[in-house]
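Derivation of every value follows stated rules applied to the coordinates shown; laboratory data play no part. If you're wondering where the values come from, they're calculated on a predicted model, not measured in any experiment. Glycine also receives a Cβ, built like all others from the backbone with ideal geometry; neighbour counts cover every protein chain displayed.
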Amino acid sequence: MLSKNKSKKLISNFIFSILLILLLDKSYGASCCGAGFTIPSIITSDDKAQLAGIYTYSKVHADVLPNGTWRERKQDDHTQIFKLEGAHIIEDRWQAGLSIPFQKRERSGAMADSSTGFGDITAQLGYEYLPDWNYHPYRPKGIGYLSMITPTGRSINESKDGTGIDSRGRGFWGLGLGTILTKNWRHWDANANIEAHQSFPKVVHNARVNGSLHPGRGGSLALGSGYNWKSFRLGGLINWIYEDPINVKGTPASSGNLQRYSNGTMVLSYLLEKNATVSLSYTDQTIFGSPSNTVLSKSITMFFQQRWER
Amino acid sequence: MKGFILLLSLLLGCAKPNYVSSEAERDRYAPSQNACPLYFSEERLCLSIKWSVYPTEETLGAFTMTFFAEENPQKPITPHLTPFVKLWMPSMGHGSSPVVITQTAEGMYLVSEVYFTMLGAWEIRFQLKNNTDVIEEQIQKINL
């Protein structure tokens, strides 16, 4: 039998681990170009598998120019994202995951229009390189992962009519490498995610572009913390995202500007019975950091996740 | 330790929104009032443009472009090559929807359905084409 303290600690760890996912796997990119690089789904608990349904309503608030000036949007431009995320243990400390976003984007104004379709589908392979078997006082649990992003969401340069309404992704193949670190102390928890990725060039031939697009590298750093009580958790997370300029070679040619923005997220989660979790979160890209060359949005996300024990 | 605190304060620093309306910056990239605002050496022609409807989030833009010889601005001349207009956002490396070009008179063209997919700094690229080959290109910046 486990001692009362140890049981509490186990439960606390368990709650924290699954709630952590709610914070770590969100990334909201510029609306013109779809979402940025994401971590699809990672099991940070001791479960065998997990499946999540996620709904996000995201509304564009402003465009930020490379020189730092902001332009507030007057017309509505919003996106609803229905995302299915799953992950499964494949061998002891190895796991694989998949994230499939389906989006509906609507825009009013001079060229009012809407579109629906898949965003960029992301697959990931994770390895728990730093297990937390003995509840070390400060050593975190660490999971490394390799992500692959597929350009199923179509880039704005491949938009059929050029208005970009049907652009729901960055539109580049990409490979990312990152790590998630988690730690908790009694009611409090902390987490970090560091990720770097390389997006690969692609050739585009249409009425607007005749040449190749070179997106370069990018990365993100997320730091978060939360307070747990009973079956609830209230958490906060800041995620800083950077992307290299997109260099266009051909006609037209342009060297581009780097893109930078930050997500500030507050999340309230509740652990249901039978290994299920619900949460509600608010993400605002206008609060932190020094955004540049991007589109800033504000989002609300509802999340439901079911897990299966080993 | 000082470095860590500095890094933390930089990271956690709040964004400082510097809202500037596109109307306020419109004049910054207004078409030049020079005698020859855009010059195409291939045909030895100047090009001037005049907005009839300035593009905003709510409205599609339209402008007139007029080709003329520098020594006689009052007499429009139709170029031998085909005029073409392309909208391009260099900071993000993408274009926008195609415009409609209609010749209205000798050397004069109405460019309509001018739409920019987002606010920011754009380029209007004026091209002279021989079939699909761009022979010469001149760029006018516009800040929305």
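For this structure, a couple of remarks:
- Helical contribution to [θ] at 222 nm, DSSP H n ≥ 4, -39,500 (n - 2.57), averaged over the protein assembly as shown, rounded to 500: -2500 deg cm²/dmol
- Given their separation in residues at 0.36 nm each and the Cα-Cα distance between them, residue A:227 and residue A:152 gain 23.3 nm when the chain is fully extended.
- Build a GNM of chain A with springs between Cα atoms under 10 Å apart, and of A:88, A:78, A:205 the one that fluctuates most is A:205.
- In terms of other Cβ atoms within 10 Å, A:186, A:107, A:170 run from fewest to most in the order A:186, A:107, A:170.
- Placing +1 on each Lys and Arg Cβ and -1 on each Asp and Glu Cβ, with no other charges, gives the stretch A:105-231 a dipole about its Cα centre of roughly 180 debye.
- R0 of 30 Å, Cβ-Cβ distance residue A:123-residue B:84: FRET efficiency to nearest 0.05: 0.15
- Per residue Cα convex hull volume in Å³ - calculated over the stretch B:21-143: 106 Å³
- Think of the stretch A:4-309 as a dipole: +1 on every Lys or Arg Cβ, -1 on every Asp or Glu Cβ, centred on the Cα centre; then among A:167, A:234, A:306, A:234 lies furthest on the positive end.
- Positive-end extreme of charge dipole, the protein assembly as shown - chosen from A:43, A:119, B:134 (charges on Cβ): A:43
- For the stretch A:189-310, the convex hull drawn through the C-alpha positions has a volume of 156 cubic angstrom per residue.
- P(r) tail for the stretch A:87-205: Cα pairs beyond 20 Å make up 57% of the total.
- Taking other Cβ atoms within 10 Å as a rough exposure proxy, A:154, A:139 sort from fewest to most as A:139, A:154.
- Label point distance in nm, residue A:280-residue A:200, each placed 7 Å from Cα along Cα→Cβ: 4.3 nm
- Computed from backbone phi, the HN-Hα couplings of the stretch A:102-117 come to 10, 10, 10, 10, 10, 9, 9, x, 4, 10, 4, 6, 8, 8, 9, x Hz, rounded to whole numbers (Karplus: 6.51 cos²θ - 1.76 cosθ + 1.60, θ = phi - 60°; Gly and Pro given as x).
- Between the stretch A:245-308 and the stretch B:82-117, the Cα center-to-center distance that results, in Å: 33 Å
- Across A:133, A:185, A:94, mean-square fluctuation computed from a Gaussian network of chain A (C-alpha pairs under 10 Å connected) peaks at A:133.
- Under 10 Å, Cβ to Cβ, from residue B:80 - net charge with Lys/Arg +1 and Asp/Glu -1: -2
- Shown in residue order for the stretch A:143-153 are the 3J(HN,Hα) couplings computed by the Karplus curve 6.51 cos²θ - 1.76 cosθ + 1.60 at θ = phi - 60°: 10, x, 8, 10, 10, 10, 9, 10, x, 6, x Hz (x for Gly and Pro).
- Diffusion constant of the protein assembly as shown at 10 °C, which comes from Stokes-Einstein with the Kirkwood Cα-pair radius and 1.306 mPa s, µm²/s: 67 µm²/s
- Taking the Cα centre of chain A as reference, the dipole from Cβ charges on Lys and Arg (+1) and Asp and Glu (-1) amounts to some 560 debye.
- At 1.306 mPa s and 10 °C, Stokes D of the stretch A:217-268 from Kirkwood alpha-carbon radius, µm² per second: 117 µm²/s
- Phi-based couplings in Hz for the stretch A:287-301 (Karplus 6.51, -1.76, 1.60; Gly and Pro marked x): 8, 10, x, 10, x, 8, 6, 8, 10, 9, 10, 10, 9, 10, 10
- 19 Å cut-off, amide nitrogen to a point 7 angstrom out along residue A:175 Cα→Cβ, residues in the stretch A:82-117: A:95-98
- Among A:209, A:187, A:199 - extreme Cα towards positive end, dipole of the stretch A:181-243, charges at beta-carbon: A:187
- FRET efficiency for the residue A:273 to residue B:131 pair, using the beta carbon distance and R₀ = 45 Å, is estimated at 0.05.
- Backbone amide hydrogens, once placed in the peptide plane, bring residue B:136 within less than 5 Å of B:128, excluding anything fewer than 5 places away on its chain.
- A cut-off of 5 Å between modelled amide H atoms, ignoring neighbours fewer than 5 places along the same chain, links residue A:119 with A:102, A:103.
- The stretch A:57-95 and the stretch A:169-227: distance between their alpha carbon centers, rounded to Å: 12 Å
- The fewest-to-most ranking of A:243, B:43, A:91, B:113 by surrounding Cβ atoms within 10 Å reads A:91, B:113, B:43, A:243.
- Contact order relative to length of chain A, as percent, for alpha carbon pairs under 8 angstrom and 6 or more apart: 18 percent
- Angle of helix A:4-24 to the longest C-alpha principal axis of chain A, folded into 0 to 90 degrees and rounded to 10: 0°.
- Label positions at residue A:247 and residue A:187, each projected 7 Å from the Cα along the C-beta direction, are separated by 5.3 nm.
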